[in-house]
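The values are calculated or read from the model by the stated rules, or taken from the named source; none is laboratory data. Treat the numbers as computed from the prediction; the structure is a model and nothing was measured. Note that we place each Cβ from the backbone using ideal geometry, even for glycine, and neighbour counts take in every protein chain shown.
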Amino acid sequence: MSAKSSVFGIGRRLLKGRLVSDGSTHYSDLGIAYPSVKGLLRGLVEWDFSDELDSVSLKITRFEVDPAVLTEQVQESLPGCEMERDSDEAEKGETDSGDEGDTTQEWSCLAERDGDDVLVEMNIGPGLLLFEIDP
């Protein structure tokens, strides 16, 4: 188990089925926030508020889906989204941060919602998906 996975697991256990907040950011176990994925996906969800919703982040552990399949599915689901891999990473053929053995891939797109662009970002690593939407 990676250090990132164990940190998220500890965070999930501390939530104990509750929604918690520090005043501007709200956190919950993924299965509590979205009951339809309970038993299918494990992780945390984070909603960042200031005056209004700034972003929604999903941190999903034990996630083993081929990045090509995931990016295709996201593009099909989100109007206008054309996923692009981080250009530096793709050009160099390197892993994230240049670390040997770190196979994290960074992807992003702009999706359309009510005439506005919405930034969608994904970081995909072994057993871990960080998925963020900035409305």
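A few remarks follow.
- Among residues that are at pLDDT below 90, under 23 Å from Arg18 (Cβ atoms) and assigned by TED's automatic domain parsing to the domain that holds Arg18, Asp54 is included.
- Screening Glu76 with (1) surrounded by 12 or more Cβ atoms within 10 Å (Cβ to Cβ); (2) modelled with pLDDT of 95 or more gives one miss only, at (1).
- Residue check, Thr104 crowded, with 16+ Cβ neighbours inside 10 Å and at pLDDT below 95: yes
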